[in-house]
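Please read the structure below before turning to the comments.
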Ligand SMILES: NC(=O)C1=CN([C@@H]2O[C@H](COP(=O)(O)OP(=O)(O)OC[C@H]3O[C@@H](n4cnc5c(N)ncnc54)[C@H](OP(=O)(O)O)[C@@H]3O)[C@@H](O)[C@H]2O)C=CC1
Ligand SMILES: CCCCC/C=C\CC(=O)/C=C/C=C/C=C/[C@@H](O)CCCC(=O)O
């Protein structure tokens, strides 16, 4: 034992002697003597004795029976506590004196009264132990499986993840108070569970609990390989208690449309300098992941029913409730530090010693010009990455058509797509508005136009399967190029991001970046149509002026503002309900801090990261997500392909009504495709970047 522990021990002995001699009640309390700076040390705490006043009418005197030690205490100390205040915490306490009929002597309550042996209170914050608590089940479980940690596990699984039978769940800190319940509930629900913990004993315990795979993250050679081996097909859900590096690796192993419950970030709680790691945004888009920070108190109204369910599973023998009990109030700091060091299997509890706690007619030989990806991009694209080639096209067969490009789109996604979907020598990926100039297909007669996903090519022979006809009744006075912009993929992206992902409501405040671009400009306008306040950022004063013309409430040039943080605060001092993110990286790190509680983030694009050779790193977002209970979802507009026809009609209506303006940045000449593409990555465009042939 350390000198200070011994001192505390001697002190407590003295206090106890005093208690026996006096009827005056003295409370032993653990004070935060000095804010933690890194990992907590014994010297951060001080044991103090307080004389309690006699309970007045409506009040009662509580005696702690079990005290909880939880990871959140480490955070609360930095954000909510002053030096000299009693350490925050919850306990199960017994009413030993009462002038409040709601709490008779001998009854037990859950009391958020901190690290104290005795408390005089009026019952306002007290939670009664659930009725019919079975004899023979320790009341300490009201701080664990049948308390806050159990509820956290249940809500994380049901409210946040919506875990379904047959799915595969990954969780970390799996042998802890929350983790052990998460794994067991997932098994009750018929899922495959993979858990990690920090010792072989804990791994053995997880196997006893029925985990399908468990491993010691401290001794595996490669976390990535372990996760792949445990579930080669990936994970549907990830219950994150740890954050940091583990999450960076875990994200890469998620299945598409995977869900992540950000419950805790214990790996960063003791940081003096915030840890940094790869930004998660790009992965979130590629995989369309949904990530949500949460705290159990959001579902307070469900607590009574949820506690009953947890108790039901416990009684049926489906839930095991390990506890790691440290005896002696004097050992509270040691129990707390032990939990942060990972000493506990199950819930860490302190028990005070005093039992207190989506037919050709003519034929001329057609040559197609194509742009080839000559060499994969390494960093910012250069002309040398592209090659112009000429290809002789075959005669269209039955059912086939010959297309001629009219407008070609250049989009940011081509940069990350190139690496993921293309090999050197392939035609650059992309979409165009094309005219049918030869046809052996009744569906696409000569002269019709369609949106074709045929890449950077002037002419194409195809069977029509990937062609999207231009919507019927396309007005003559509206350029068909808009089918690549506001009435096309970018417009749909804006609409789905707002409606399907964010669920933006009238009166809310929305932040959007790359706001003067194809997607961003539509985002801001739809938000205004919906009666929202819109703040937008863009990279030039001309773009800012454009945003103001569009009716944005506030617009700024992120390249010239002195402080992004201050600008965001100034634009909306009360914070942001929604953030439509097109940029990612550093911008997002700053924006996250300005979100309101329960804010929603649509991760649409991460253009600031597309040209990285070495992935950029930045502060992990997980802790902020928990504090603010943020919901963050990566998405690709193609998820709602079944809604495209109806959605395009809505966009067209807004355009015809003058509610939606569409600006284009036109580059003339097929030979300028690479330059147009590089231009968007440099921010040269205002509105949708399009190339005319
Ligand atoms: N998830 C989905 O389904 C879809 C996602 N997207 C994404 O949406 C975003 C916007 O696309 P889109 O509207 O077509 O493109 P834009 O028309 O907005 O053109 C890109 C703009 O991004 C900005 N930009 C470029 N590099 C950086 C950088 N390093 N940091 C910050 N901003 C930068 C520039 O504007 P500025 O001068 O303001 O910097 C540039 O003009 C992209 O991230 C894209 O990948 C697009 C379509 C579908
Ligand atoms: C699957 C790769 C996703 C890349 C993610 C990067 C950024 C997000 C983004 O910009 C996504 C854009 C998606 C665009 C989809 C366009 C399709 O309509 C056409 C794709 C072209 C093709 O498939 O030939």
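The values are calculated or read from the model by the stated rules, or taken from the named source; none is laboratory data. Computed from a predicted model, the values in this text were never measured in an experiment. Neighbour counts are summed over all protein chains in view; Cβ atoms, including those assigned to glycine, are modelled from backbone coordinates with ideal geometry.
Laid out as a table, the results:
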| read-out | value |
| --- | --- |
| Test: residue in segment 495-507 that is buried (at least 24 other Cβ atoms within 10 Å of the Cβ), part of a helix (DSSP H, G or I) and near ligand 1 (Cβ under 8 Å from one of its atoms) | yes |
| Test result for residue 178, assigned to a loop (DSSP other than H, G, I, E, B), over 26 Å from residue 634 (Cα atoms), more than 16 Å from ligand 2 (Cβ to nearest atom) and touching a helix residue (DSSP H, G or I) at 6+ places or on another chain (Cβ under 8 Å) | no |
| Members of segment 616-642 found to be more than 25 Å from residue 273 (Cβ to Cβ) and within 16 Å of ligand 2 (Cβ to nearest atom), listed by number | 633, 634, 635, 636, 637, 638, 639, 640, 641, 642 |
| Any hit, segment 531-550, residues being more than 24 Å from residue 666 (Cβ to Cβ), in a strand (DSSP E or B) and in contact with a helix residue (DSSP H, G or I) (Cβ under 6 Å, 6 or more places away or on another chain) | yes |
| Within segment 625-645, considering residues that are part of a helix (DSSP H, G or I) and away from ligand 1 (no atom under 13 Å from the Cβ), the one surrounded by the most Cβ atoms within 10 Å (Cβ to Cβ) | 625 |
| Residue list for segment 415-450, filter: more than 18 Å from residue 465 (Cα to Cα), crowded, with 19+ Cβ neighbours inside 10 Å and touching a helix residue (DSSP H, G or I) at 6+ places or on another chain (Cβ under 8 Å) | 415, 416, 428 |
| Cβ-Cβ under 8 Å pairs, at least 6 apart or on other chains, segment 410-426 side more than 15 Å from residue 674 (Cβ to Cβ), far side in a helix (DSSP H, G or I) and near ligand 2 (Cβ under 6 Å from one of its atoms) | 416/286; 420/286 |
| Qualifying residues in segment 207-235 (those that are under 26 Å from residue 290 (Cβ atoms) and over 24 Å from the mean Cα position of the chain (by Cα)) - the one surrounded by the most Cβ atoms within 10 Å (Cβ to Cβ) | 211 |
| Number of the exception - residue 291 against (1) closer than 18 Å to residue 624 by Cβ; (2) outside any helix (DSSP H, G or I); (3) more than 16 Å from ligand 1 (Cβ to nearest atom) | (3) |
| Strands (runs of 3 or more DSSP E) completely within segment 56-167 that count 1 or more residues being in contact with a helix residue (DSSP H, G or I) (Cβ under 6 Å, 6 or more places away or on another chain) | 60-68, 91-98, 108-111 |
| Hey, residue 433 more than 16 Å from ligand 2 (Cβ to nearest atom), under 30 Å from residue 611 (Cα atoms) and touching a strand residue (DSSP E or B) at 6+ places or on another chain (Cβ under 9 Å) or not | no |
| Leading residue by the ranking (nearest to residue 415 (Cα to Cα)) among those in segment 648-671 that are surrounded by 15 or more Cβ atoms within 10 Å (Cβ to Cβ) and away from ligand 1 (no atom under 16 Å from the Cβ) | 670 |
| Flag for residue 516 being over 22 Å from residue 607 (Cβ atoms), surrounded by 24 or more Cβ atoms within 10 Å (Cβ to Cβ) and modelled with pLDDT of 95 or more | no |
| Any hit, segment 392-409, residues being within 14 Å of ligand 2 (Cβ to nearest atom), buried (at least 16 other Cβ atoms within 10 Å of the Cβ) and within 30 Å of residue 581 (Cβ to Cβ) | yes |
| Residue 468, sole failed condition from (1) out of contact with any strand residue (DSSP E or B) (no Cβ under 6 Å at 6 or more places or on another chain); (2) within 16 Å of ligand 2 (Cβ to nearest atom); (3) more than 19 Å from residue 668 (Cα to Cα) | (1) |
| Residue satisfying all of: in segment 294-309; assigned to a helix (DSSP H, G or I) and within 18 Å of the chain's Cα centre (by Cα); farthest from ligand 2 (Cβ to nearest atom) among these | 296 |
| Subset of segment 392-432 [within 16 Å of ligand 1 (Cβ to nearest atom) and more than 35 Å from the chain's Cα centre (by Cα)] | 407 |
| Hey, residue 386 more than 21 Å from residue 693 (Cα to Cα) and either within 16 Å of ligand 1 (Cβ to nearest atom) or modelled with pLDDT of 95 or more (or both) or not | no |
| Failed criterion for residue 446 (all others in (1) under 15 Å from residue 673 (Cα atoms); (2) more than 10 Å from ligand 2 (Cβ to nearest atom) hold) | (1) |
| Among (1) surrounded by fewer than 24 Cβ atoms within 10 Å (Cβ to Cβ); (2) farther than 18 Å from residue 285 by Cβ; (3) at pLDDT 95 or above, the one test that residue 616 misses | (2) |
| Some residue of segment 604-615 being within 13 Å of ligand 2 (Cβ to nearest atom), under 18 Å from residue 576 (Cα atoms) and not in a helix (DSSP H, G or I) | yes |
| Given (1) modelled with pLDDT of 90 or more; (2) in contact with a strand residue (DSSP E or B) (Cβ under 8 Å, 6 or more places away or on another chain), index of the condition residue 83 fails | (1) |
